[in-house]
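Data block below; observations after.
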């Protein structure tokens, strides 16, 4: 009910404030908040304060109003009407913006903060994770008595700290000592006289006691949803979370492993029924992460020692370049580098305040630079305004020949062009499948009364299928197209096999199995899957056996076209194993209940046509991602013959029987 009331207020803001530019103002929205806070939650109007503070992030910005109750920010209104622009005339936090045509009111509610305000606890953590905080305090031996205080005195101090922590807004270049001194002065003005030493004794362990359940909540959500920790992309975030928890645990001297922390969190804060992953699967992943963390610590000592060997033992800081390099190359965070350095004898080095913020800014700048990198040269230029190519390969995947009209013939200018290809041919319709979804484009031939040319590849450019031809045709020519059917048939074997193998891996290894990449060529196929440990030959044999059962037992595949919203509602986001396709309508391949994916490739109508599937081997393409090498159909037969020939030759060489 509570969440519904907040959502209702948000919709009121959207529909009443955004309907007209004349009410795109704070005064309109303030009335809605007054109703929500006063009438619904019983907050006195005089306790509400509105603070104007511009907001920026993610490439957009705008005037913003923070809604404060008793010193606690419960919500924010952002009148987002600016976009990042190097030529912009408005500057916020060093970044320039210009006005955009859209006028958006972005409303943000702190749902957990509403709970905190209602509970009246010293900090938000006692309100959100009460059992976890109390349990960790007991495990760490943290109590008011250890500071010669009563619990009431400590709660009063922590409550006052919560009101003042806003001034401890740590950013790049912050002066930590000055901020702490200012904070202690403010505490003293409010009747709390504590030394810098006592402040540290209280906040150092307590910050970790508070942070562990907060990190565990994020970690359990991520892993429970099927994410696998790794050194790249989203998996890196999970690994970073796990390692932060382990580091904080060690600094609190807790004799509790990561899986036990997760189990406690599931018992008191999070229902395991919400997880896609099983509890046993979650604990297995966390045990593996703890083992990797311990191995990283073992190797990290030598890495850090080598990196700082030329730095004086009485140094008070380490060069930024060393901290950045060790973090990016070895995954050892800067604060852990400092900890290791202290243990190795560099006892005075500390991590300056704001360094982590600087590192985040550095990574953000690198990501932005990569996103704005120079785009590759286009395949063709100056495509006229033409009707989209009709994809006949979706109407009948087994059609091998067709007639079509040439709409455009353009010189090829791109960089990745096969030898011999000179022109890109656009037809009104085609049976040639263009490269996409990890599947290589079709080859074949095209002819008319006056010319005949090989088609050396097929690509997609916007709404057009471009045939890479060894020669020209005239616009208006009626051409006869013919696929290299043996190649297409093999491609269909491999593409259908990849779906079947992926479904088999998911059933046998667990719901965390997710497609991280795929390639389907004439010779073989590759399927990259997320998994938390290396696969054995026994694992591969088991997956292969189940895949071949599906080939034998499933009579037909089902190819469906659905509106994206309907597809999301019916099948969920697991539908997009190969990435989310563009457009409102998506094509779905369903192989019984074994595998269901959005996929625009070419697949067999009958899985049995594949014949057989073999998983040749696997290798780790990166930590947390296993690559399965697959052959199917005729390629599987060819592989078996090759292996048999090798076996016969070896037997003859050593003069022993094959069996």
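The values are calculated or read from the model by the stated rules, or taken from the named source; none is laboratory data. Bear in mind that the values here come from a model prediction, so they are computed numbers and not experimental data. Every residue, glycine as well, gets a Cβ built from its backbone with ideal geometry; the counts of neighbours run over all protein chains shown.
Taking region 81-114, which residues are in contact with a helix residue (DSSP H, G or I) (Cβ under 9 Å, 6 or more places away or on another chain), without any contact (Cβ under 8 Å) to a residue 60 or more places away in the chain and either in the same structural domain as residue 152 (by TED's automatic domain parsing) or surrounded by 16 or more Cβ atoms within 10 Å (Cβ to Cβ) (or both)?
Result: 110, 113.
Which one is surrounded by the most Cβ atoms within 10 Å (Cβ to Cβ) among residues in region 435-467 that are outside any loop (DSSP other than H, G, I, E, B) and touching a residue at least 60 places away in the same chain (Cβ under 8 Å)?
This residue is 466.
For residue 265, all conditions in the list (1) touching a helix residue (DSSP H, G or I) at 6+ places or on another chain (Cβ under 8 Å); (2) within 22 Å of residue 209 (Cβ to Cβ); (3) surrounded by fewer than 19 Cβ atoms within 10 Å (Cβ to Cβ) hold save one; what is the number of the exception?
Only one criterion is unmet by residue 265, namely (3).
Out of everything in region 283-312 that is surrounded by fewer than 12 Cβ atoms within 10 Å (Cβ to Cβ) and under 15 Å from residue 349 (Cβ atoms), what residue ends up being farthest from the chain's Cα centre (by Cα)?
312
Please indicate, with yes or no, whether at least one residue in region 47-61 is touching a helix residue (DSSP H, G or I) at 6+ places or on another chain (Cβ under 7 Å) and either part of a loop (DSSP other than H, G, I, E, B) or free of Cβ contacts under 8 Å to residues at least 24 places away in the same chain (or both).
yes
In region 598-611, which residues are at pLDDT 95 or above, in contact with a strand residue (DSSP E or B) (Cβ under 9 Å, 6 or more places away or on another chain) and not in a loop (DSSP other than H, G, I, E, B)?
Within region 598-611, 607, 610 qualify.
Which condition number in (1) out of contact with any strand residue (DSSP E or B) (no Cβ under 7 Å at 6 or more places or on another chain); (2) on the phi > 0 side of the Ramachandran plot is the one that residue 124 fails?
(2)
For residue 629, are the conditions met, namely being more than 30 Å from residue 570 (Cβ to Cβ), surrounded by 14 or more Cβ atoms within 10 Å (Cβ to Cβ) and within 28 Å of the chain's Cα centre (by Cα)?
Against the criterion (more than 30 Å from residue 570 (Cβ to Cβ), surrounded by 14 or more Cβ atoms within 10 Å (Cβ to Cβ) and within 28 Å of the chain's Cα centre (by Cα)), residue 629 qualifies.
Kindly indicate the residue of region 115-148 that is touching a helix residue (DSSP H, G or I) at 6+ places or on another chain (Cβ under 6 Å) and outside any helix (DSSP H, G or I) and also surrounded by the most Cβ atoms within 10 Å (Cβ to Cβ) among those meeting that condition.
129
Before we move on, is residue 574 in a helix (DSSP H, G or I), in the same structural domain as residue 509 (by TED's automatic domain parsing), modelled with pLDDT under 95 and under 23 Å from residue 520 (Cβ atoms)?
Judged against the criteria, residue 574 is a match.
Residues that are at pLDDT 90 or above: find the helices (runs of 4 or more DSSP H) completely inside region 319-390 holding 2 or more of those.
Of the helices (runs of 4 or more DSSP H) lying wholly inside region 319-390, those with at least 2 residues that are at pLDDT 90 or above span 320-330, 334-344.
Looking at residue 518, is it crowded, with 19+ Cβ neighbours inside 10 Å and modelled with pLDDT of 95 or more?
So residue 518 fits the description; yes.
Specify the residue that is modelled with the highest pLDDT; the eligible residues are those in region 33-46 that are surrounded by 14 or more Cβ atoms within 10 Å (Cβ to Cβ) and over 21 Å from residue 106 (Cβ atoms).
43
Does residue 292 qualify as being assigned to a helix (DSSP H, G or I) and either touching a helix residue (DSSP H, G or I) at 6+ places or on another chain (Cβ under 9 Å) or assigned by TED's automatic domain parsing to the domain that holds residue 256 (or both)?
Yes; evaluated as a whole, the condition is true for this residue.
Kindly check whether there is at least one residue in region 461-481 that is at positive phi and modelled with pLDDT under 95.
Yes, region 461-481 contains at least one residue that is at positive phi and modelled with pLDDT under 95.
Please specify each residue of region 516-537 satisfying the condition of being under 25 Å from the mean Cα position of the chain (by Cα) and not in a strand (DSSP E or B).
Residues satisfying the conditions are 531, 532, 533, 534, 535.
Out of 615, 658, 586, I need the residue that is crowded, with 21+ Cβ neighbours inside 10 Å and either within 27 Å of the chain's Cα centre (by Cα) or part of a loop (DSSP other than H, G, I, E, B) (or both). Which one?
586
Kindly provide the set of residues from region 268-289 that are in contact with a helix residue (DSSP H, G or I) (Cβ under 7 Å, 6 or more places away or on another chain) and in a helix (DSSP H, G or I), ordered by number.
Correct list: 268, 272, 274, 279, 282, 283, 285, 286, 287, 289.
So which of 336, 351, 344 ends up being over 18 Å from residue 479 (Cα atoms) and surrounded by fewer than 18 Cβ atoms within 10 Å (Cβ to Cβ)?
Checking each option against the conditions leaves just 344.
Restricting region 612-626 to residues that are in contact with a helix residue (DSSP H, G or I) (Cβ under 7 Å, 6 or more places away or on another chain) and modelled with pLDDT of 95 or more, which is nearest to residue 293 (Cα to Cα)?
Looking at the filtered set, the residue picked out is 618.
Out of 152, 238, 232, which single residue is at pLDDT 90 or above and surrounded by fewer than 15 Cβ atoms within 10 Å (Cβ to Cβ)?
Among 152, 238, 232, only 152 is at pLDDT 90 or above and surrounded by fewer than 15 Cβ atoms within 10 Å (Cβ to Cβ).
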